[in-house]
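Asks: For reference, the structure I am asking about is given below.
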Amino acid sequence: MDLKNVASLTFFCPEIILSVTILLIIALDLIAQSRRWPAALALIGCLCSLIVSFDLYSAQPGLLFHRMIVLDNFSIFFKVFSLSATILCILMSIGSNEIDKVHEGEYYALLLTCTLGMFFMASSSNLLMAYLSLEMVSLGSYVLTGFLPHSRRSSEAALKYLIYGGVASGTMIYGMSWIFGMTGSMDYAAIQLALSQEGINKAALFIAFIFILAGFGYKIVFFPFHMWSPDVYQGAPTPFTAYLSVASNTAGLAIMIRFFFPGMSKLLASGDWTATAGVEWPQVLLALSMLTMTIGNLCALNQRNVKRMLAYSGIAHAGYMMMGLAILNNEGLAAILFYAVVYMIMNLGAFLVVGMVSNVTGDEDIDDYRGLAWRGATVPAICLAIFLFSLTGMPPFAGFMGKFFLFSAVVKQGGAFAVLAIVAALNSVVSLYYYAKIVKTMFLDSPLPEDKQVTMAANNFTLLLPLTFLTILFGVYFGPLVQYTNYSLRFFIK
Amino acid sequence: MQNILTYMTFIPLAGAAMILMLPNNAKLVRWFSAIVTVPPLLMAVWLFNNFDRTTAKFQFVEDYHWIPAYNISYTMGVDGLSISMVLLTALLSFICIFASFGIEKAVKGYFALFLMLDAGMMGVFCALDFFLFYVFWEVMLLPMYFLIGIWGGPRREYAAIKFFLYTLFGSVLMLLAILALYFTVEPHTFDMRVMMAHASKYSTAVLPMWPFNSWGWSFQHVIWLALFIGFAIKIPAFPFHTWLPDAHVEAPTAISVILAGVLLKMGTYGILRTNFPMLPVATADMAYWFLGALGAWNIIYGALCAMAQKDLKKLVAYSSVSHMGYVMLGMASFTTQGLNGAVLQMFNHGTITGMMFLLVGVVYDRAHHRDIEGFGGLAAIMPVYTGITALAFFASMGLPGLSGFISEILVLLGTWQKYPVLTILGASGVILTAGYLLWTIQRVYLGPPNEKYLNMAEINGREIFTLVPLGIIVIIVGIYPGVVLDMLRTTLDSINAIVIPHLHG
């Protein structure tokens with residue numbers, strides 16, 4: 001299926017619904033004054049889009065809009081994923097004090113714009129489209145990061161993010177121009193065809209790949225493009241930080257998988273991929289993956305601010321997920337998708353509790369968590385402990401299964417990849433230290449007299465308990481999710 | 001009885017969930033937890049009666065699909081090796097609930113976590129699927145971390161995280177090893193029985209990579225070492241033992257008992273369950289240094305450390321390091337006596353050290369310190385207590401007629417046939433043990449009574465109740481070791497028979 005503009009619209013419904021919702025929110029924001037409806041409208045839009053996305057599974061996979069966008073199981077998976085993350089983030093935002101202070105209409109409109117950009121990131125099959133979608137997500141993110149009025153930290157974070165993002169995407173488009181120069185095409189399939197001819201300058205191609213990696217790296221947050229993330233995580237409103245940490249990060253992985261796998265590699269019958277053009281980008285990813293997880297974990301060890309700590313832990317998790325890319329097999333990619341889902345659940349859960357605590361104490365310093373379990377917030381403390389142990393990769397929680405599948409994909413490749421597996425395994429041990437530090441502060445430390453009682457309103461639990469339940473459920477009964485991620489790993493390649 | 005092992009594992013877990021729903025009444029929670037541990041104990045007794053001692057096959061096997069796509073199944077079963085540990089776990093869990101009746105802080109949380117720990121321990125000994133085994137192995141860490149960390153002594157936070165980090169370090173290596181085994185078996189499976197049947201398939205060709213090629217190590221050897229490190233941390237074998245004294249000193253009494261009585265056994269159990277039958281070539285090559293020599297070193301090092309301790313609980317902790325050395329030494333011998341002695345020693349150490357920790361707890365509850373030099377003449381003040389202590393201490397030092405003697409002598413007899421030098425070293429540990437234990441008795445119990453403690457209350461009924469069952473077992477096994485050995489022999493012989501063909505010379 002290779003459709004022209006108008007014929008493509010039939011398969012473009014999720015995007016159209018989101019766009020309509022965004023425009024409606026902006027338009028109604030000018031008229032209505034009530035506080036709650038933008039969230040409700042955004043939620044309804046997302047749900048409709050989600051339902052329509054599932055409907056796309058019945059359609060033939062193919063290319064839309066003159067080969068700009070791919071429709072296949074992989075892109076539908078990321079539509080569903082981004083929408084789920086957005087819905088959870090909207091629910092978090094409703095309960096957050098921070099978001100109350102801002103223009104809610106704009107906030108939700110921008111949030112949905114980012115989501116729309118993520119749809120394109122996962123489904124673009126053209127360098128130009130890839131670049132535009134990445135920028136679309138970035139622009140929305142810059143604004144949302146600096147969305148807290150009168151917060152110097154928030155503004156500073158937005159500025160840092162903007163500068164880093166500008167440099168990274170500039171580098172990326174420069175790399176893309178090299179590829180265009182070498183192959184004369186922007187289309188992934190055409191590029192792959194051109195690269196498999198003789199006479200391509202390997203060194204030039206390698207440099208182009210490295211430049212492009214800068215753009216991906218800043219979205220996924222891997223070393224050495226990770227510096228912006230702790231400041232941005234700390235400065236941005238907590239619900240948006242949560243969104244950034246799961247949705248934006250994973251969309252970066254999606255665009256990277258799309259570019260390197262169906263784009264630059266060939267699938268063998270065995271489920272392994274071979275890189276075309278003989279450029280050693282998998283080795284680069286391998287090294288970056290090890291560096292990313294190690295640096296993320298080591299930096300997290302001494303953080304006092306929980307959001308910063310979770311930022312560094314996010315860097316480490318990006319490193320774990322990159323293992324799945326570097327090993328060039330389908331197991332690895334399926335493990336990434338599985339990991340992305342469980343990471344979304346447990347990380348959003350952790351940020352949810354962080355947001356609940358900072359609603360009461362106004363800060364995210366680790367001292368605010370002292371004796372939390374004995375200060376009236378036993379259930380949130382237990383839930384946070386479960387999320388943190390899940391992030392560590394302890395059974396019976398979902399995070400263990402995520403790591404398990406990643407490790408098993410790496411071990412299956414065997415040979416020198418054993419080193420990668422060992423580095424990753426030791427990193428989980430390191431990460432236990434700082435995750436357990438929060439748990440220690442909540443349970444093992446006794447509250448001091450000046451620590452306030454923390455009471456949580458009942459509506460806080462409506463999202464927290466389901467997330468906790470899912471974290472445990474996917475730790476012991478993960479069969480359907482594994483099937484779904486395997487099913488999602490079908491690329492349309494022409 | 002169908003699914004008895006599942007019931008034994010999950011009744012405590014269900015109990016833990018129910019405790020959270022009980023009203024906040026300490027007495028009710030305590031007695032409820034005590035009742036929850038009774039059915040597993042009765043089932044353990046039933047298992048003991050109905051266990052077929054003539055076969056090495058797994059019995060009471062349960063096999064259900066869990067995740068068919070990855071061939072992960074829920075498989076439980078016991079053989080002679082695990083049943084002794086299951087009995088020990090059921091008994092000690094029951095006793096330790098009573099030993100925990102003194103807990104006052106967050107009672108619901110304590111007993112819920114304790115029962116979760118109970119479920120995890122049971123699961124480890126019953127699991128026959130390597131994946132399931134690993135899940136239970138890890139699940140146990142969480143309650144242990146909190147039990148030490150919340151209800152422990154002054155340095156509990158340090159001790160808890162140290163225990164957690166050490167064990168996790170070992171278990172991630174183990175996880176990688178498990179995965180490597182999984183991908184070598186065709187078709188891929190985590191079923192331990194299939195992995196054992198595939199023992200000959202695990203490559204023994206020397207790896208072309210440095211440094212393994214210079215050592216002559218194969219895939220088997222590397223995997224063996226990864227599994228071994230995971231288990232050695234739990235044993236704990238030198239140099240991974242340093243978490244143990246910290247954890248023991250800080251943990252509440254009942255948790256110390258569980259730690260020494262059950263958790264340490266998981267290390268040696270794991271080696272016998274997985275390393276021996278699955279990787280026999282590597283086992284034959286590595287046993288001398290990694291089990292035999294290290295075991296002998298553990299015996300002497302642990303005993304010398306124990307001798308230098310001023311804290312009574314730390315002394316018992318180091319004596320554990322020393323006594324677990326006998327287990328390793330016996331395992332390395334590959335003789336019937338040595339192997340049976342090793343597993344019997346695992347069982348005996350559980351009961352004897354359990355008693356010793358309970359006894360230390362008794363005096364700590366009264367004096368609020370454990371300084372060996374700070375007592376003196378307790379025999380005159382607490383005669384019954386001193387009598388029971390003497391029984392435990394003499395059993396620990398291997399007095400004939402008590403259980404410790406049988407296992408130690410079997411280990412030494414078994415090892416003598418293979419490694420005379422290590423046996424002599426190990427046997428000298430017996431003297432060191434006698435040295436530090438007698439010296440302790442002299443300092444704490446004999447001599448003129450300490451003025452400060454003249455009014456110390458005699459051991460009470462509840463405390464006696466926790467000690468008596470263990471004392472009876474110590475005496476029975478000491479007189480008629482066949483009660484335990486009969487269960488072990490067939491299984492251990494079959495495990496031994498897998499390794500023996502690969503021994504050199």
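Asks: Within 14 Å of another protein chain (Cβ to nearest Cβ), hydroxyl-bearing (Ser, Thr, Tyr) and in contact with a strand residue (DSSP E or B) (Cβ under 8 Å, 6 or more places away or on another chain): does that describe B:Tyr74?
Replies: Details: within 14 Å of another protein chain (Cβ to nearest Cβ): yes; hydroxyl-bearing (Ser, Thr, Tyr): yes; in contact with a strand residue (DSSP E or B) (Cβ under 8 Å, 6 or more places away or on another chain): yes.
In short, yes.
Asks: Would you pick out the residues in segment A:432-461 that are farther than 19 Å from A:Ile386 by Cβ and of a type in the set (Gly, Ala, Ser)?
Replies: Correct list: A:Ser446, A:Ala457, A:Ala458.
Asks: Scan segment A:113-127 and report the pairs whose first residue is at negative phi and whose second residue is surrounded by fewer than 24 Cβ atoms within 10 Å (Cβ to Cβ) and in a strand (DSSP E or B), with Cβ atoms within less than 6 Å and a gap of 6+ or a chain change.
Replies: A:Asn126/A:Asp187
Asks: Here's another thing I want to ask about it. For residues that are farther than 17 Å from A:Ile438 by Cα and over 22 Å from the mean Cα position of the chain (by Cα), scanning just segment A:382-407, find the one that is surrounded by the most Cβ atoms within 10 Å (Cβ to Cβ).
Replies: First, the residues of segment A:382-407 that are farther than 17 Å from A:Ile438 by Cα: A:395-407.
Filter once more, keeping what is over 22 Å from the mean Cα position of the chain (by Cα): A:395-396.
On the way: A:Pro395: 26, A:Pro396: 21.
Checked segment A:382-407; the qualifying residue surrounded by the most Cβ atoms within 10 Å (Cβ to Cβ) is A:Pro395.
Asks: Please enumerate the residues belonging to segment A:395-445 that are in contact with a helix residue (DSSP H, G or I) (Cβ under 7 Å, 6 or more places away or on another chain), at the interface with chain B (Cβ under 8 Å from one of its Cβ atoms) and among the aromatic types (Phe, Trp, Tyr).
Replies: Of everything in segment A:395-445, those that are in contact with a helix residue (DSSP H, G or I) (Cβ under 7 Å, 6 or more places away or on another chain), at the interface with chain B (Cβ under 8 Å from one of its Cβ atoms) and among the aromatic types (Phe, Trp, Tyr) turn out to be A:Phe400, A:Phe407, A:Tyr433, A:Phe443.
Asks: With (1) within 10 Å of another protein chain (Cβ to nearest Cβ); (2) surrounded by 18 or more Cβ atoms within 10 Å (Cβ to Cβ); (3) over 18 Å from B:Leu181 (Cβ atoms); (4) modelled with pLDDT under 90 as the list, and A:Asp451 as the residue in question, which single condition is left unmet?
Replies: (1)
Asks: Can you tell me which residue within segment B:135-178, out of those that are facing another protein chain (nearest Cβ under 7 Å) and aromatic (Phe, Trp, Tyr), is nearest to A:Lys412 (Cα to Cα)?
Replies: Restricting to residues being facing another protein chain (nearest Cβ under 7 Å) and aromatic (Phe, Trp, Tyr), the top hit is B:Phe169.
Asks: Using the structure shown, decide if B:Leu181 is facing another protein chain (nearest Cβ under 9 Å) and buried (at least 17 other Cβ atoms within 10 Å of the Cβ).
Replies: Considered against the rule, which asks whether it is facing another protein chain (nearest Cβ under 9 Å) and buried (at least 17 other Cβ atoms within 10 Å of the Cβ), B:Leu181 comes out as no.
Yes/no per residue for (1) at pLDDT below 90; (2) touching a Leu at 6+ places or on another chain (Cβ under 9 Å):
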position: B:Val421; (1), (2): no, no
position: B:Tyr436; (1), (2): no, yes
position: B:Asn460; (1), (2): yes, no
position: B:Thr491; (1), (2): no, yes
position: B:Ser494; (1), (2): no, no
position: B:Leu503; (1), (2): yes, no
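Asks: Which one of these does B:Leu28 not meet: (1) in contact with a helix residue (DSSP H, G or I) (Cβ under 9 Å, 6 or more places away or on another chain); (2) more than 30 Å from A:Asn486 (Cβ to Cβ)?
Replies: All conditions pass for B:Leu28, except number (1).
Asks: Is it true that some residue in segment A:216-223 is without any contact (Cβ under 8 Å) to a residue 40 or more places away in the chain and either of a type in the set (S, T, N, Q) or out of contact with any strand residue (DSSP E or B) (no Cβ under 6 Å at 6 or more places or on another chain) (or both)? Break it down stepwise before answering.
Replies: We begin by selecting, within segment A:216-223, every residue without any contact (Cβ under 8 Å) to a residue 40 or more places away in the chain; these are none.
Among the residues of segment A:216-223, not one is without any contact (Cβ under 8 Å) to a residue 40 or more places away in the chain and either of a type in the set (S, T, N, Q) or out of contact with any strand residue (DSSP E or B) (no Cβ under 6 Å at 6 or more places or on another chain) (or both), which makes the answer no.
Asks: Of all residues in segment A:359-392, count the ones that are of a type outside the set (A, V, I, L, M), over 30 Å from A:Ser408 (Cα atoms), in contact with a Ser or Thr (Cβ under 6 Å, 6 or more places away or on another chain) and in a helix (DSSP H, G or I). If you could, list the steps in order and put the result at the bottom.
Replies: In the first step, residues of segment A:359-392 are kept if they are of a type outside the set (A, V, I, L, M); the result is A:359, A:361-365, A:367-371, A:374-376, A:378, A:380, A:383, A:387, A:389-390, A:392.
Now narrow it down to the ones that are over 30 Å from A:Ser408 (Cα atoms): A:359, A:361-365, A:367-371, A:374-376, A:378, A:380.
Still in the list and also in contact with a Ser or Thr (Cβ under 6 Å, 6 or more places away or on another chain): A:364, A:368-371, A:376.
If we keep only those that are in a helix (DSSP H, G or I) as well, we get A:368-369.
Looking only at that region, the number is 2.
Asks: Out of A:Ile87, A:Ile17, report the one residue that is at pLDDT 90 or above, more than 30 Å from A:Asp363 (Cα to Cα) and β-branched (Val, Ile, Thr).
Replies: Selected residue: A:Ile17, the only one of A:Ile87, A:Ile17 that is at pLDDT 90 or above, more than 30 Å from A:Asp363 (Cα to Cα) and β-branched (Val, Ile, Thr).
Asks: Here's a follow-up. Do the conditions hold for B:Trp46, that is, is it touching a residue at least 24 places away in the same chain (Cβ under 8 Å), more than 14 Å from chain A (Cβ to nearest Cβ) and over 21 Å from B:Val468 (Cβ atoms)?
Replies: yes
Asks: Could we say that B:Ile148 is in contact (Cβ under 8 Å) with a residue 40 or more places away in the chain, in contact with a Phe, Trp or Tyr (Cβ under 9 Å, 6 or more places away or on another chain), in a helix (DSSP H, G or I) and over 21 Å from B:Met195 (Cα atoms) here?
Replies: yes
Asks: Give B:Ala332, B:Ala284, B:Ala308 a once-over and let me know the one that is surrounded by fewer than 23 Cβ atoms within 10 Å (Cβ to Cβ), of a type in the set (A, V, I, L, M) and either in contact (Cβ under 8 Å) with a residue 60 or more places away in the chain or touching a Gly at 6+ places or on another chain (Cβ under 7 Å) (or both).
Replies: B:Ala284
Asks: Surrounded by fewer than 20 Cβ atoms within 10 Å (Cβ to Cβ) and more than 30 Å from B:Val61 (Cα to Cα): which single residue out of B:Pro154, B:Pro187 fits that description?
Replies: B:Pro154
The values are calculated or read from the model by the stated rules, or taken from the named source; none is laboratory data. The structure presented is a predicted model; accordingly, all values stated were derived computationally and were not measured. Every residue, glycine as well, gets a Cβ built from its backbone with ideal geometry; the counts of neighbours run over all protein chains shown.
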